[in-house]
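The structure appears right after this line, and notes come after that.
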């Protein structure tokens with residue numbers, strides 16, 4: 001007679017079932033981890049979410065919305081007499097002024113005749129060098145200071161050699177009429193600017209180039225100030241290549257193999273592209289620059305903006321700039337027709353680089369504000 005096997009206790013069956021569940025759960029977790037590590041993270045969405053939600057700022061204010069004029073200055077403002085005249089015709093409730101100058105420099109009656117600029121310097125300014133990340137750090141400091149005022153709804157970045165091409169009322173209405181930021185942004189097809197070490201934080205398909213002279217709506221200014229992801233990558237991997245030096249001879253060939261990344265030409269358009277905000281931009285700058293492309297191989301300056309002097313800043317030249325109504329981007333085969341709130345408008349509201357003599361001519365010929373000879377006399381150092 002065959003003996004029957006003793007029945008398996010119920011508790012053993014339950015325990016065995018739990019072991020199978022645990023085994024398969026661990027296996028699924030391992031598969032998920034392997035899959036996660038094998039695929040690059042969606043950094044664009046993470047940049048957007050972190051930039052938009054990290055800090056909540058009050059946006060309730062009384063009175064009209066303001067344009068914050070943000071000046072990046074080497075030291076003083078050599079064209080303060082022209083800008084002072086420009087602001088004389090403005091409603092003081094519609095603008096504010098912030099200046100990033102060399103640390104410790106204070107704007108007072110000894111270095112500016114215009115009361116609009118006195119005491120408007122940042123207290124936390126830093127030393128800035130062209131072609132270094134300190135330039136975009138200074139821009140971020142200006143934006144951060146201007147954002148403290150909830151009435152600041154537009155932010156215009158300007159150099160100390162910029163001039164306005166129209167009166168305040170025209171510029172205010174032009175900028176405020178558009179719900180978009182004006183940010184020059186295009187694909188950079190040249191080799192050597194994008195450093196592969198930026199990947200995957202900054203994917204190459206999001207790499208953009210453009211003029212640093214931007215005009216922003218408040219939300220986009222907040223994205224730039226709150227960014228903690230992209231700026232550190234620029235600090236580490238976006239650096240200017242050493243300039244050509246004839247005295248170094250063959251050593252130049254080795255030096256020129258380094259990536260030549262100019263941070264202020266790439267940071268803002270790249271950050272906004274990664275934040276999926278390009279559809280909210282007019283992808284052009286409001287500041288006109290004439291580039292000198294005549295540099296030879298061994299010149300140390302390379303491409304640089306032409307300086308407008310008294311001789312080449314006459315009414316015809318200014319009229320030519322003001323009549324421009326489109327910009328062509330050859331890397332994208334794209335023509336950007338200049339619009340503000342879907343209305344055709346002149347492309348440029350500002351221009352650079354202007355000498356003091358050129359600015360005097362603009363003021364004297366009535367291009368900007370009212371002419372007052374007293375503003376041109378005894379200019380402070």
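The values are calculated or read from the model by the stated rules, or taken from the named source; none is laboratory data. Nothing here was measured: the structure is a model prediction, and the numbers come from that model. Using ideal geometry, Cβ is built from the backbone for each residue, glycine included, and neighbour counts are taken over all protein chains shown.
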Residue within the stretch 269-278 that is modelled with pLDDT under 95 and either within 20 Å of residue 160 (Cα to Cα) or out of contact with any helix residue (DSSP H, G or I) (no Cβ under 8 Å at 6 or more places or on another chain) (or both) present: no
Any helices (runs of 4 or more DSSP H) falling wholly within the stretch 1-112 and containing at least 3 residues that are over 24 Å from the mean Cα position of the chain (by Cα) and either modelled with pLDDT under 50 or surrounded by 10 or more Cβ atoms within 10 Å (Cβ to Cβ) (or both): 10-38, 80-88
Extreme residue, surrounded by the fewest Cβ atoms within 10 Å (Cβ to Cβ), among residues of the stretch 366-380 that are out of contact with any helix residue (DSSP H, G or I) (no Cβ under 6 Å at 6 or more places or on another chain) and at pLDDT 50 or above: 366
In the stretch 173-201, the residues that are touching a helix residue (DSSP H, G or I) at 6+ places or on another chain (Cβ under 6 Å) and not in a loop (DSSP other than H, G, I, E, B): 181, 197, 198
Failed criterion for residue 161 (all others in (1) farther than 30 Å from residue 64 by Cα; (2) under 19 Å from the mean Cα position of the chain (by Cα); (3) assigned to a loop (DSSP other than H, G, I, E, B) hold): (1)
Condition broken by residue 294, with the remaining ones in (1) at pLDDT 95 or above; (2) on the phi < 0 side of the Ramachandran plot; (3) not in a strand (DSSP E or B) satisfied: (1)
Meets criteria (more than 20 Å from the chain's Cα centre (by Cα) and under 29 Å from residue 334 (Cα atoms)) for residue 150: no
Matching residues in the stretch 302-332 - criterion: being closer than 24 Å to residue 262 by Cβ and without any contact (Cβ under 8 Å) to a residue 12 or more places away in the chain: 328, 330
Filtered residue count, the stretch 159-206, keeping only those that are more than 30 Å from residue 89 (Cβ to Cβ) and touching a strand residue (DSSP E or B) at 6+ places or on another chain (Cβ under 6 Å): 3
Residue match in the stretch 125-133 (condition: closer than 29 Å to residue 89 by Cα and either modelled with pLDDT of 95 or more or over 14 Å from the mean Cα position of the chain (by Cα) (or both)): no
